[in-house]
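Notes follow the structure.
The values are calculated or read from the model by the stated rules, or taken from the named source; none is laboratory data. Since this is a predicted model, take the numbers as computed values, not measurements. Virtual Cβ from ideal backbone geometry, glycine too; neighbours counted across all protein chains shown. These accessible areas exclude ligands, DNA and RNA; they are computed on the full protein's heavy atoms, side chains included. Shrake-Rupley method; radii C 1.70, N 1.55, O 1.52, S 1.80 Å.
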Amino acid sequence: QVQLEESGGGVVQPGGSLRLSCAASGSGFSIYRMGWYRRAPGEQRELVATITTGGRANYADSVKGRFTISRDNAKNTVWLQMNSLKPEDTAVYYCNVFGPGTDYWGKGTLVTVSA
């Protein structure tokens, strides 16, 4: 069983920054990939960014150059640094951890970008 603790959401003005974090804890799991997904109001959940154990990152085109994902393998923690935020980034952001026999989702943290 894996528990995911997310933090860092909030309200920010356009052009501002936020940093999300997600820490995985528990036992009997093996994580290969950690990542962030989001669901905007009325939309389906979509990929934001993922990062593998080896540090290979993948980003949605809409966030490239603005968001940076990073992780600490020893601490099973992943961060998402979000800069130059836009109103269209408003969504609930979900942490995901994936690996052999492992596929868990966090409860989500709300990010609101509004003037």
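So if I place +1 on the C-beta of Lys and Arg and -1 on the C-beta of Asp and Glu, and nothing else carries charge, what would the dipole magnitude of the range 7-115 be about its Cα centre? I want it in debye, nearest 20. Each step should come with its number before you reach the end.
Numbers: 12 positive and 7 negative charges, 36 e Å.
Here the range 7-115 has a charge dipole of around 180 debye.
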*Between the DSSP loop rule and a limit of at most 10 other Cβ atoms within 10 Å, which trypsin sites (Lys or Arg not before Pro) in the range 68-108 are left?*
K75, K107
*Between the range 63-103 and the range 30-59, what is the C-alpha centre distance in whole Å?*
6
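When the accessible area of the chain is split by element with a 1.4 Å probe, what percent falls to carbon and sulfur? Provide the component values of the computation, followed by the final result.
Details: 2810 of 6040 Å².
In the chain, the share of accessible area belonging to carbon and sulfur is 46 percent.
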_In Å, what Kirkwood hydrodynamic radius results for the chain from the alpha-carbon pair distances?_
14.1
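Give me the accessible area per residue for the chain, probe 1.4 Å, as a whole number in Å². Don't jump to the answer; show the numbers that get you there.
On the way: 6040 Å² over 115 residues.
Accessible area per residue: 53 Å².
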*Go through 93-103, 35-45 and give me the packing order, highest mean Cβ count within 10 Å leading.*
93-103, 35-45
*Where a ≥ b ≥ c are the square roots of the eigenvalues of the C-alpha gyration tensor, would you call the range 17-68 rounded, which needs a/c under 1.5, or, failing that, prolate if a/b is larger than b/c, or oblate?*
prolate
